[in-house]
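Let me begin by presenting the structure, written as structure tokens, before commenting on it.
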Amino acid sequence: MSRTYRILSLDGGPAAPSYLRMLRHIERARPGFLDSVDMFAGTSDGAWAAVFLASRPKDMPALAALDAVIAFNERVVGAIRPGLVGVARLVSGMRSAIENDRVLAELTQACGVGPSGEPIKLGELNRDVALVTFRVRTGANKPGAHIYHNLGRERPGHKPQAWMGDTEDLRNLDFGAAEIALRSGSVPILMPVRDGHVDGGLFANNPSMCGLSQLLRHRKLRDVDGPEDVVLLSCGADQASTGGSDANNQFFNRDNVSWGWIAWLFSPRSPMLLLETVISAGGRGVAFQTHQFLQERFLRLALPGALGTGDELLRLLDGQSGRIFTAADRQADQWAAGREGIAFRPDFHATTTWIKDHWEDAAPTTTRARANRPQTSQSTGTEN
């Protein structure tokens, strides 16, 4: 008999400080939400949060876990701050701004140790994960995107299932969870290439489809028949319009706009506008695709970023990372309070209502009937 399988998908990029705080508000309103997650899918910063949450002790209260992952996120953002030497390396263009030893140390400490007393391995995590990386060095492996997962792990209290996937996926269960997370978040230019891998955001900054596809590929391992048995909440930060800057929007409203690399990459109004646009467009595209599979069992919680990608990078470079977290606190609180005049879609009420109706009340015997019903007018967070 199939069962409902719940995926929490966590984007990479500057969204993490905001959506982790929003998840804390959701847990307060709907206790038990975090404990019901079956899989954490993550890219970059989202992968770091995913392995943290998947490794937490089973007896750790959910709100304590969310407080801890928020504090961890602040520490790891501090660990990627370049400092003066890093800025000099960045300007030189010859080496990455930082080494990744401090980030690995934070990840290793956060994930803790496994039953063997060594840093916890991918196959020892307490929850399923799907972590997105991108290979740039081939060796014996194929180049391109790679999704690390632990769906082949043995689960206490469950009957062992014969492994039907790739041999490489089975070998990966012995890799350190912190090591895989670091590969997923090794941002080019800012951080070194990690064992032939760079940031998974080059392939899928929104990892929703990556998590869903791996589950469906190995559905028998988790007693899932198909998409009708899956519920997925996707967390990220989509700009309300390209670049999110009113000044830029005035230019984009014209029929023809002739911009060069300065406007797209170094505009004072919206630095790194091109990167921000690519990230937002990719996230929306994946959300559209996932929604076609899951319909009302999918929700995209992706609000305009508290700070843009370029603004966050500047705050890191000038040592003002505290402003990132202050902005995230403010945005999450305003969202939960339903502050008037701020167009947050989906708002807090719509989000918690969806969780009650589709996340908590979902059951395999009813999801097929829901999938065949006409769509309701409820927002799924995928509108353009």
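The values are calculated or read from the model by the stated rules, or taken from the named source; none is laboratory data. Source: prediction; values computed, not measured. Here Cβ is always computed from backbone atoms with ideal geometry, including for glycine, and neighbour counts include all displayed protein chains. To get the accessible areas, we keep the full protein, side chains included, count just its heavy atoms, and leave off ligands, DNA and RNA. Shrake-Rupley method; radii C 1.70, N 1.55, O 1.52, S 1.80 Å.
Here is a list: VAL113, VAL103. Which entry is within 27 Å of GLU168 (Cβ to Cβ) and touching a strand residue (DSSP E or B) at 6+ places or on another chain (Cβ under 9 Å)?
VAL113
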Original post:
Could you give every pair whose Cβ atoms fall below 6 Å, whose first residue belongs to the stretch 75-96 and is touching a residue at least 12 places away in the same chain (Cβ under 8 Å), and whose second residue is open to solvent by 100 Å² or more (accessible area, probe 1.4 Å) and in a helix (DSSP H, G or I), counting only separations of at least 6 or pairs across chains?
Top reply: ALA79/ARG102
Original post:
Could you list, in sequence order, the residues of the stretch 114-136 that are of a type outside the set (A, V, I, L, M) and more than 15 Å from LYS58 (Cβ to Cβ)?
Top reply: SER116, GLY117, GLU118, PRO119, LYS121, GLY123, THR133, PHE134, ARG135
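Tell me the helices (runs of 4 or more DSSP H) entirely within the stretch 17-92 that contain at least 2 residues that are among the charged types (D, E, K, R) and in contact with a helix residue (DSSP H, G or I) (Cβ under 7 Å, 6 or more places away or on another chain).
In the stretch 17-92, the matching helices (runs of 4 or more DSSP H) lie at 62-79.
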Subject >> Verdict on LEU23 being more than 23 Å from PRO188 (Cβ to Cβ) and either of a type in the set (A, V, I, L, M, F, W, C) or open to solvent by less than 10 Å² (accessible area, probe 1.4 Å) (or both) >> reply: yes
Original post:
Within the stretch 49-63, can you find the residues that are over 13 Å from GLY112 (Cα atoms) and surrounded by fewer than 22 Cβ atoms within 10 Å (Cβ to Cβ)?
Top reply: LYS58, ASP59, MET60, PRO61, ALA62, LEU63
**OP:** Would you mind telling me which numbered condition in (1) modelled with pLDDT of 90 or more; (2) crowded, with 20+ Cβ neighbours inside 10 Å HIS218 fails?
**Re:** (2)
Original post:
Quick one: which helices (runs of 4 or more DSSP H) sit completely within the stretch 145-216 and have at least 1 residues that are without any contact (Cβ under 8 Å) to a residue 60 or more places away in the chain and of a type outside the set (Val, Ile, Thr)?
Top reply: 167-171, 177-184
Original post:
What's the number of the condition GLU228 fails, among (1) assigned to a helix (DSSP H, G or I); (2) modelled with pLDDT under 90; (3) charged (D, E, K, R)?
Top reply: (2)
**OP:** Considering every residue within the stretch 11-18, establish whether at least one is within 16 Å of PRO61 (Cα to Cα) and open to solvent by 10 Å² or more (accessible area, probe 1.4 Å).
**Re:** no
